[in-house]
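First up is the structure itself, then whatever we jot down about it.
The values are calculated or read from the model by the stated rules, or taken from the named source; none is laboratory data. The shown structure was predicted, so the numbers you read here are calculated from the model rather than taken from an experiment. Glycine gets a Cβ as well: all are built from the backbone with ideal geometry, and neighbour counts include every protein chain shown.
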């Protein structure tokens, strides 16, 4: 009975979220279909449509996967094996999830109050795509493949605890990224160029590509790797385009090989192998 009540609550929450997004779109024409989700073999598969800028959020709702399109301009369509709740909300059976975001600049998020923990592969495709990680109440198991876009991003800025993320190398990718406190097993592939840390003390490592690494508010260890990298060891934000806080002071900074730039506040330590070091604030 409790599980049934929880499922009802989750369904109502997802419906309320999707209704709110729909209301924000205003009284104009019906939203364009941004993608379709269906059962294919032993997987649930989402395919984005063309160059639509999809914003997909998934939740675990007991016996179903809840798939939401949170972009006000787009809707989502249910295919074989899934159920259309409304134009923003589709329910599918619980099984491995594959998300092909398509050609636009897209976003994928795991949310909801219930642990998701479902093995998920996200392919960004063309465009500047973002995986927002660290929000699963349980252990996250997301493989994020950025695709051809130049600035695909693994964004852990809303993570619930510190993250350890090592952007995959061309030699291999390991499922050891995310929050150690939750036992996350994310796998951020080597074609993801930008990495954003949490509000906690993170370990953030780049690879042989030209990376941008943003530490966030925690006391982070940041290493750029062999590419031409930009490391931000402070908290960007207007005005005056920076925030200097003791909590954001990094403990270990290294740019690595390549022609690199490092932006720090006055309390950050010296860093090795950084061709440009600019103190902000």
For the range 234-256, what are the residues that are over 13 Å from residue 205 (Cα atoms) and at pLDDT 60 or above?
234, 235, 236, 250, 251
Any chance the range 212-220 includes a residue that's in the same structural domain as residue 230 (by TED's automatic domain parsing) and in contact with a helix residue (DSSP H, G or I) (Cβ under 6 Å, 6 or more places away or on another chain)?
yes
Return yes when residue 178 is over 26 Å from residue 259 (Cβ atoms) and outside any loop (DSSP other than H, G, I, E, B) and no when it is not.
yes
Residue 42 being over 25 Å from residue 137 (Cα atoms) and surrounded by fewer than 21 Cβ atoms within 10 Å (Cβ to Cβ)
no
Return a yes/no flag: does the range 9-27 have any residue that is more than 29 Å from residue 149 (Cα to Cα) and at pLDDT 95 or above.
no
